Amino acid sequence: MKGLFSALMCSFDEQGNINEKGLREIVRYNIDVSKVDGLYVNGSTGENFLLSTDQKKQVFEIVKDEVGSEVKLIGQVGSLNIDEAVELAQFTTDLGYDAISAVTPFYYKFDFAEIKDYYQTILESVDNDLIIYSIPALTGVNMNLDQFAELFEHEKIIGVKFTAPDFFLLERIRHKFPEKLIYSGFDEMLLPASVLDIDGAIGSTFNLNGQRAKQIFELAQSGKNQEARAVQEVTNDLIAEILDNGLYQTIKEVLKYKGVDAGFCRKPMRALTEIEVTRANEIADKYFK
Ligand code: MN9
């Protein structure tokens, strides 16, 4: 389960329906061109929180059908509706997903006992490993080292997708839990996270930029930090441009430039303006010719 996982994008038509052909093409591009080791399905980047339960299931099914056992699959099943989280945990496990992941419950200010119970409820319902999805900037949930330690006591909780710029905490988790899997979640911070000996990374920009990301990760692992820095620098020039133009929409537009039917984002996300589409094509020209 180590290595680089794309936080998989999903293709939608203009009405917001899943574009199966496009989704399959995105999967193929990730495996064949971006050369990632696995896919993280129905995460933030997959616009998961904008989908119905049926749509989430459709995505899980299509992706598994396209991938078979070519690369590893992690299914993000976390939801504010605990029954849905359980249902999706069972669904992905039955489909043969290698692990599940669940975002920390958000919006309401849940205390830690509630968060722990949420993970226990999900895990009691399936026989699969779970990766905590921690993204404090979007969820408002900031767990400390002791809280991670308590969750990690569960042997089925095998790791964390750590999407935060807190390298002190990241280092402490690494130090205390050498056997758990730590995936870095901010692509623009892949190098500093790699220096701290993470096991892998999960990112949106890997859909496109998987090859550079892999270079960063592998160079850092072999101690070649200066070389890794050069690749991170180009990567961050790219990421800065993408963030400035609209994160998911721009990644989709660049995928379209590469011949992938990446479609639209779902509302309330908006489509790019003509000027933004032009800029996305310039980004594609500059970094992916
Ligand atoms: O899954 C992604 N997080 C979100 C991780 O999209 C919320 C990251 O890959 C970021 O998109 C990326 C750009 O900030 O690092």
Requested in this report: Once you have a ≥ b ≥ c as the square roots of the Cα gyration tensor eigenvalues for the range 57-108, tell me rounded if a/c is under 1.5, and otherwise prolate or oblate according to whether a/b is larger than b/c.
Outcome: prolate
Query raised in the report: Dividing the Cα convex hull volume of the chain by residue count, how many Å³ per residue is that?
Result: 119 Å³
**Report entry** Hits among lysines - C-alpha to C-alpha of Lys267 under 25 Å, sequence gap 8 or more where chains match
**Finding:** Lys21, Lys56, Lys57, Lys252, Lys256, Lys258
Report task. Please work out the average accessible area per residue across the chain, using the 1.4 Å probe convention, and give it in Å². Result -> 43 Å²
Report summary line: Carbon and sulfur atoms account, in whole percent of the 1.4 Å probe accessible area of the range 3-224, for 48 percent
Query raised in the report: To the nearest 10 Å², what's Leu123's accessible area with a 1.4 Å probe?
Result: 10 Å²
Report summary line: Residue span Phe106 to Gln147: 0.36 nm per residue of separation minus Cα-Cα distance leaves a gain in nm of 13.1 nm
Report summary line: Computed ³J(HN,Hα) along the range 253-264: with the Karplus parameters 6.51/-1.76/1.60, θ = phi - 60°, integer Hz and x for glycine or proline, the list is 5, 5, 4, 4, 4, 7, x, 9, 7, 7, x, 10
Query - Cα-projected label distance for Ile275 with Lys258, points at 7 Å along beta-carbon direction, nm - result: 2.8 nm
Query raised in the report: Can you give the accessible area of Ser69 in Å² (nearest 10), computed on protein heavy atoms with a 1.4 Å probe?
Result: 110 Å²
Query raised in the report: Under the Karplus relation 6.51 cos²θ - 1.76 cosθ + 1.60, θ = phi - 60°, what is the ordered set of whole-Hz ³J(HN,Hα) values for the range 215-225, x standing for Gly and Pro?
Result: 4, 4, 4, 6, 4, 5, 5, 9, x, 8, 6
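Report, in deg cm²/dmol and to the nearest 500, the calculated mean residue ellipticity at 222 nm for the chain, where each DSSP H run with n ≥ 4 adds -39500 (n - 2.57) and the sum is divided by the residue count. Each step should come with its number before you reach the end.
Details: 12 runs with 142 residues, N = 289.
That comes out to -15000 deg cm²/dmol.
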**Report entry** Which of Pro105, Ile82, Gln221, positive extreme of dipole for the range 3-224 (C-beta unit charges)
**Finding:** Gln221
Query - DSSP loop GluC sites (Glu not before Pro) with at most 11 other Cβ within 10 Å excluded, longest remaining stretch of the chain - result: 15-152
**Report entry** Per-residue SASA entry for Val231, accessible area with 1.4 Å probe, Å² rounded to 10
**Finding:** 20 Å²
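So in the chain, what percent of DSSP beta bridges are antiparallel if you round to the nearest 5? The partial results should precede the final answer.
Working: 2 of 31 bridges.
DSSP beta bridges in the chain are roughly 5 percent antiparallel.
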**Report entry** Pairwise centroid distance, computed over Cα atoms, of the range 24-48 with the range 77-140, Å
**Finding:** 20 Å
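The values are calculated or read from the model by the stated rules, or taken from the named source; none is laboratory data. Model, not experiment: these values are computed from the prediction. Because the Cβ atoms are built from the backbone with ideal geometry, glycine has one as well, and the counts that use them run over all protein chains shown. The protein model used for the area step is the full one, side chains on, heavy atoms only, and it has no ligands, DNA or RNA in it. Shrake-Rupley method; radii C 1.70, N 1.55, O 1.52, S 1.80 Å.
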